[in-house]
Amino acid sequence: MRPALLDPLFAPLNSLPGIGPKAGELYARLLGRESIDDCRVIDLVFHAPHSLIDRRHQPGIARAPQGVIVTITGRVDRHQPPPPRTSQPYRVFLHDDTGELALTFFRVKGNWLEKALPIDETVTVSGKVDWFNGRPSMVHPDYMVRATEAENLPLVEPIYPLTAGLSARILRKAVEAALPRIPDFPEWIEEALMQKQGFQSARDCFLALHDPRDETDLDPQAPARRRLAYDEFLAGQLSLSLVRQRLRKVAGIPVHATGKLSKPVLAALPFSLTGSQTVAIDEVLRDMAGTERMLRLLQGDVGSGKTAVALMSMLAAVEAGGQAVLMAPTEILARQHFATLSKMAAPAGIAIDVLTGRTKGRERDAILERIASGETQIVIGTHALFQDTVVYSNLLLAVVDEQHRFGVHQRLRLTAKGISPHMLVMTATPIPRTLVLAAFGDMDVSKLTEKPAGRKPIQTVTVSTERTGEIVARLRTALAEGKKAYWICPLVEESEASDLMSADERFQSLDKQFGPTVGLVHGRMNGAEKDAVMLAFKNGDIRLLVATTVVEVGVDVPDATIMVIEHAERFGLAQLHQLRGRVGRGDEASTCILLYKGPLSENGRARLSILRDTEDGFLIAEEDLKLRGEGELLGTRQSGTPGFRIASLEAHGDLLEIARKDAAYVIERDPDLTTERGEALRTLLYLHRRDEAIRFLRAG
Ligand code: ADP
Ligand code: MG
């Protein structure tokens, strides 16, 4: 149960004044929630200002600088309403010891100015001063109060990130109403660390967050922000540790590989494993043989041969008399894995099935039955693998391909189903260590650092779209020589509809020039259509494949050697690297052409040149992190994993490390969070909506 202390913060957001149904939608968008029903007061408390307006500057009228916000106190001398039926403004003049200021108002209705600014009254006004012909004026002051009430005027105002349609003033009102709901929290940070870091209480930090006095308070290194960042990391690390501990505790069916199946499969492979594939397989087999449930991340750059590692691991599960699943992020990938793995595993003579959202009717029933009876030994598929209707006979291993599209949530769902197989998650996005820690906790990691032998480097060039004609001409030659090429088009907008358009347009134009060797694949096609096109590309009926990013991950056509990426400047670095990884997979030299639309920003230029200069995915990922920030790299956008609200890995990396150690310490001493500090930490977990981790506490 959430502590009652937090109730005021977890009241619906629209219980705050000024948040009606219309504004609700805007707030949901602003706070990154699905709908207003999912927004709580706490979400607004975490909404940090990014700048401020300083009204403390009170230079006097004559010394007020042009275009700068100042606060002026003076005496009202006269009103000058505009002549009737003109568009001239209404002016009110006031003076102080240094000079005269005109307050200027357009389209004034009624007599409210006479009431607000009575003659002879001393008033305080705040706003931007404009000088014209040596005379200062202030157009529509932000604030006007009687001087006696000047203390009510906010001299420093926080400015918040907004979304179109939401006014700053209304948002600030809502924040002001939210802040008094922050209770005194029990302290969850240890005294020694509080001292060492100079942390204030969490409540004080929230209040300080929303009450910046100057620029330094807005800096990520401001003490209040550091403490809140630490809390965020600690909540994250703690919940990951709890989940992980729980996942570990549950299982541990030792899997003993016999080699009976893997030996013949290995012998029949057209290549020998790389050193790092062998090491990774050893690590996996050792984990699975133990009494603890395996939770291992396999990182390997595109084309490093993760599939073979997955297969050997799955064969071990089958050798031990169990089943294994391989979950892919897309239909195309699942079908492709099925095709490749069926072929690779043929010498083992085992039963492999594929199950996706597209598997329907009688075929589906038959497969479900085979899975339930244990007849099917390896199943390959998409999310459909973990629907309630799928019952396994003896699932020993789950392999998740392209982890960055999944997250902790999927893992939780699996466990919630009551199955607890060993887990191998594979990612081609080389995630820097700090990010692995932040996103997945202290997962064991195997890395494929070598590329399979005989790979030729990919030559990468950047070319302006103005020279598209030349590229098409070169393609013509290459296709005539029997080569295969991809032509990737970006999403024009966020929406799928325009994605379709741009790839479609490119297809039309290339189709006109090259005829039937050109194919098109995009996310809006149905599965069977996609498969047909991919198959045609694989077997050579199609030799120029126009595609959207559906081919981004995993697609394997080893004799494709040319990759053209149109509007490369619109893609993330990691994504470009992934796309490029679709070529250079065979023994032929490959080329990647990054077509960009100039002029490029400095950042855009830097990004493309990184890609041109290196094929090292880790290096690219690190640079990407520097240039874009962590959210994009982790693909949190796609998966909806809540990112960090205040903490930033770049600014607070040192704190993450401390939080990780702290969480480990807590889990070791107080695994059920029952001590006084443990109780306080539960409050922290709820505060950060890490409820699912708490569920594990109760269950375990
Ligand atoms: P990824 O890590 O991107 O998933 P894949 O598993 O799809 O890579 O492998 C890419 C290609 O390399 C495939 O065609 C695969 O058959 C081949 N491959 C895998 N391991 C080796 C190896 N040790 N030597 C040569 N080729 C290999
Ligand atoms: Mg792969």
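The values are calculated or read from the model by the stated rules, or taken from the named source; none is laboratory data. Just so you know, these numbers come straight off a predicted model, no measurement behind them. Quick reminder, even Gly has a Cβ in these numbers, built from the backbone with ideal geometry, and neighbours come from all protein chains shown. Each accessible area value is taken on the protein alone, full model and side chains, heavy atoms only, with ligands, DNA and RNA left out. Shrake-Rupley method; radii C 1.70, N 1.55, O 1.52, S 1.80 Å.
Give the residue, chosen from A345, A310, that is under 28 Å from the mean Cα position of the chain (by Cα) and at pLDDT 95 or above. Steps first, please.
Values: A345 fails: under 28 Å from the mean Cα position of the chain (by Cα).
None of the others qualify; the one that does is A310.
So that you can scan it fast, the table gives a plain yes or no per residue for (1) within 20 Å of V550 (Cα to Cα); (2) of a type in the set (V, I, T):
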position: R293; (1), (2): no, no
position: G303; (1), (2): yes, no
position: M314; (1), (2): no, no
position: Q323; (1), (2): no, no
position: R335; (1), (2): yes, no
position: T340; (1), (2): yes, yes
position: K343; (1), (2): no, no
position: P347; (1), (2): no, no
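Restricting attention to the stretch 279-307, report how many residues are in a helix (DSSP H, G or I), open to solvent by less than 60 Å² (accessible area, probe 1.4 Å), more than 16 Å from ligand 2 (Cβ to nearest atom) and free of Cβ contacts under 8 Å to residues at least 60 places away in the same chain.
Number satisfying all stated conditions: 2.
With the checklist (1) within 16 Å of ligand 1 (Cβ to nearest atom); (2) surrounded by fewer than 20 Cβ atoms within 10 Å (Cβ to Cβ); (3) touching a residue at least 40 places away in the same chain (Cβ under 8 Å); (4) in a helix (DSSP H, G or I) in hand, flag the one item P264 doesn't pass.
It fails just one condition, (1).
Condition check: surrounded by 17 or more Cβ atoms within 10 Å (Cβ to Cβ) and part of a loop (DSSP other than H, G, I, E, B). Does P141 satisfy that? Give the steps one after another, and end with the answer.
On the way: surrounded by 17 or more Cβ atoms within 10 Å (Cβ to Cβ): yes; part of a loop (DSSP other than H, G, I, E, B): yes.
Against the criterion (surrounded by 17 or more Cβ atoms within 10 Å (Cβ to Cβ) and part of a loop (DSSP other than H, G, I, E, B)), P141 qualifies.
Does G321 satisfy the condition of being at positive phi, within 16 Å of ligand 1 (Cβ to nearest atom) and in contact (Cβ under 8 Å) with a residue 24 or more places away in the chain? Spell out the reasoning first.
Details: at positive phi: yes; within 16 Å of ligand 1 (Cβ to nearest atom): no; in contact (Cβ under 8 Å) with a residue 24 or more places away in the chain: yes.
No: the conditions fail for G321.
Can you name the number of the only condition in (1) at pLDDT below 85; (2) within 18 Å of E331 (Cα to Cα); (3) within 16 Å of ligand 1 (Cβ to nearest atom); (4) among the basic types (K, R) that K538 fails?
Here K538 meets the rest and fails (1).
With the requirement that a residue be within 15 Å of ligand 1 (Cβ to nearest atom) and either modelled with pLDDT of 85 or more or hydrophobic (A, V, I, L, M, F, W, C) (or both), what does the stretch 421-444 give you? Before the answer, list the steps.
Looking only at the stretch 421-444, we keep the residues that are within 15 Å of ligand 1 (Cβ to nearest atom), and these are 424-431.
Once the filter is applied, which keeps residues that are within 15 Å of ligand 1 (Cβ to nearest atom) and either modelled with pLDDT of 85 or more or hydrophobic (A, V, I, L, M, F, W, C) (or both), the stretch 421-444 yields L424, V425, M426, A428, I431.
When you scan the stretch 648-671, do you find a residue that is assigned to a loop (DSSP other than H, G, I, E, B), modelled with pLDDT of 85 or more and under 30 Å from I182 (Cα atoms), even just one?
Keep residues of the stretch 648-671 that are assigned to a loop (DSSP other than H, G, I, E, B), which gives 648, 670-671.
Now restrict to residues that are modelled with pLDDT of 85 or more: 670-671.
Now drop any that are not under 30 Å from I182 (Cα atoms), which leaves 670-671.
Checking the stretch 648-671: at least one residue is assigned to a loop (DSSP other than H, G, I, E, B), modelled with pLDDT of 85 or more and under 30 Å from I182 (Cα atoms).
If we keep just the residues of the stretch 583-598 that are touching a residue at least 40 places away in the same chain (Cβ under 8 Å) and part of a loop (DSSP other than H, G, I, E, B), which is farthest from ligand 1 (Cβ to nearest atom)?
To start, the set of residues in the stretch 583-598 that are touching a residue at least 40 places away in the same chain (Cβ under 8 Å) comprises 583-585, 587-598.
From the residues that got through so far, the ones that are part of a loop (DSSP other than H, G, I, E, B) too are 583-585, 587-589, 597-598.
Working: V583: 11, G584: 10, R585: 5, D587: 9, E588: 13, A589: 16, K597: 29, G598: 32 Å.
Checking each candidate, the answer is G598.
Residue-by-condition table, conditions (1) at pLDDT 95 or above; (2) of a type in the set (G, A, S); (3) out of contact with any helix residue (DSSP H, G or I) (no Cβ under 6 Å at 6 or more places or on another chain):
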position: S15; (1), (2), (3): no, yes, yes
position: G24; (1), (2), (3): no, yes, no
position: G32; (1), (2), (3): no, yes, yes
position: D37; (1), (2), (3): no, no, yes
position: H57; (1), (2), (3): no, no, yes
position: D77; (1), (2), (3): yes, no, yes
position: P89; (1), (2), (3): no, no, yes
position: L101; (1), (2), (3): yes, no, no
position: K115; (1), (2), (3): no, no, yes
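Return the residue satisfying two criteria in turn: it lies in the stretch 557-582 and is assigned to a loop (DSSP other than H, G, I, E, B) and acidic (D, E), and of such residues it is least open to solvent (accessible area, probe 1.4 Å).
Our first condition is that a residue be assigned to a loop (DSSP other than H, G, I, E, B); within the stretch 557-582, this holds for 557-559, 566-567, 571-572, 581-582.
When the remaining residues are screened for being acidic (D, E), the result is 559, 566.
On the way: D559: 84, E566: 23 Å².
For the stretch 557-582, the residue satisfying everything is E566.
Scan the stretch 154-184 for residues that are closer than 18 Å to S126 by Cβ, buried (at least 17 other Cβ atoms within 10 Å of the Cβ) and touching a residue at least 60 places away in the same chain (Cβ under 8 Å) and jot them down.
If the condition is that a residue be closer than 18 Å to S126 by Cβ, buried (at least 17 other Cβ atoms within 10 Å of the Cβ) and touching a residue at least 60 places away in the same chain (Cβ under 8 Å), then E157, P158 are the ones that fit.
Of all residues being exposed (fewer than 12 other Cβ atoms within 10 Å of the Cβ) and not acidic (D, E) in the stretch 144-153, which is modelled with the lowest pLDDT? Just the residue, please. Steps first, answer last, please.
Filtering the stretch 144-153 for residues exposed (fewer than 12 other Cβ atoms within 10 Å of the Cβ) gives 148-149, 151-152.
Among the residues that remain, those that are also not acidic (D, E) are: 148, 152.
Values: T148: 91, N152: 81.
Across the stretch 144-153, the extreme among qualifying residues is N152.
Taking the stated definitions as given, is A310 open to solvent by 10 Å² or more (accessible area, probe 1.4 Å) and closer than 26 Å to F386 by Cβ? Reasoning before the result, please.
Working: open to solvent by 10 Å² or more (accessible area, probe 1.4 Å): no; closer than 26 Å to F386 by Cβ: yes.
No.
S51: of a type in the set (S, T, Y) and in contact with a strand residue (DSSP E or B) (Cβ under 9 Å, 6 or more places away or on another chain), yes or no?
Numbers: of a type in the set (S, T, Y): yes; in contact with a strand residue (DSSP E or B) (Cβ under 9 Å, 6 or more places away or on another chain): yes.
So S51 passes the test.
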